[in-house]
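Just so it is clear, none of the values below were taken in a lab; they were calculated from the coordinates. Predicted model, so just to flag it, every value in this text is computed and none were measured. No Cβ is skipped: glycine too gets one built from the backbone with ideal geometry, and neighbour counts run over all protein chains shown.
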Amino acid sequence: MKIAVLGLGNMGLPMAERLCKAGYSVSVWNRTPGKADNLAPLGAAVHTQPTIAVKDADIVVSMLESGPVVEDVLFNQGVAEAMKPGALVIDMASGHALRTPTQLGGMLLTLIGSAPAAPGDIATPLALYTLFHFIAFIVVGIIVASIVQVTMRQPSAVLLFVIVFFAFEVVFTGFVAFLDATSTSGITHYQVAIGNLVATIAMAIFFTARHPKLRKLGRALNAEE
């Protein structure tokens, strides 16, 4: 089995060493070439280009710094295209939990015509996005609360709730897509979708707890049928 290790930092270097000592055929690449020198005596094939390192690999282990770096190496530098069909990529990059809301906040700054946040400043765009999200959920919460009150009197009105929910998701996703089109930054769309899903579940739990009669809504709908 041939394994390529991209990134020889505090975790990547000892991992590559252990793979070599375990008898695997290992090829390595690092953005700073000198870090790979100690692996050559262990049998590792040291490459100066990541595309060459992954060419014949069955498994590619990415130990790069962050998601944006992984994206750059895989897609902008041609690593994904250089891999053979069926090769497995294992990405072990450190995550950035606030990346998506910070990017969205930066796009909001651009949208309202404000100066971009200073390099390294995540507080400003994050605060703006948090305020935007807070206001959006207040508005949606008021609308949903009104629908809940109507549903208490007319159970079939739950259809209106479903329509509003999907309309909100469509509008919000469209708004994110619009912001994305005004910026060169990449947006992790699945994180936005997961965040909205979590918020929706939390809102559903809240309304169910505050309005116990909603638990009987299913039985009421069945009775109407």
Considering amide H positions built from the backbone, and no H for Pro or chain starts, which residues 5 or more places from residue 91, or on another chain, come under 5 Å of its amide H? 62
Exposure proxy check: 112, 143 ranked by fewest other beta carbons within 10 Å? 112, 143
Take 147, 138 and order them by how many other Cβ atoms sit within 10 Å, fewest up front. 138, 147
Between residue 209 and residue 72, what length comes free when the chain is fully extended (0.36 nm per residue of separation minus the Cα-Cα distance, one decimal in nm)? 44.7 nm
Once you place label points 7 Å from the Cα toward the Cβ at residue 118 and residue 56, how far apart are they in nm? 5.2 nm
Say each of residue 92 and residue 200 gets a label point 7 Å from the Cα, pointing the same way as Cα to Cβ; how far apart are those two points in nm? 3.6 nm
Ordering of 129-137, 63-71 by packing [mean C-beta count within 10 Å, highest first]: 63-71, 129-137
Expressed in nm to one decimal, what extension gain is obtained for the pair residue 172 and residue 37 from 0.36 nm per residue of sequence separation less their Cα-Cα distance? 43.6 nm
Return the long-range amide H neighbours of residue 26 (sequence gap of 5 or more, or a different chain), with a cut-off of under 5 Å between placed amide H atoms. 3, 45
For residue 145 and residue 48, extending 7 Å from Cα along the Cα-Cβ vector and measuring point to point gives, in nm, a value of 6.6 nm
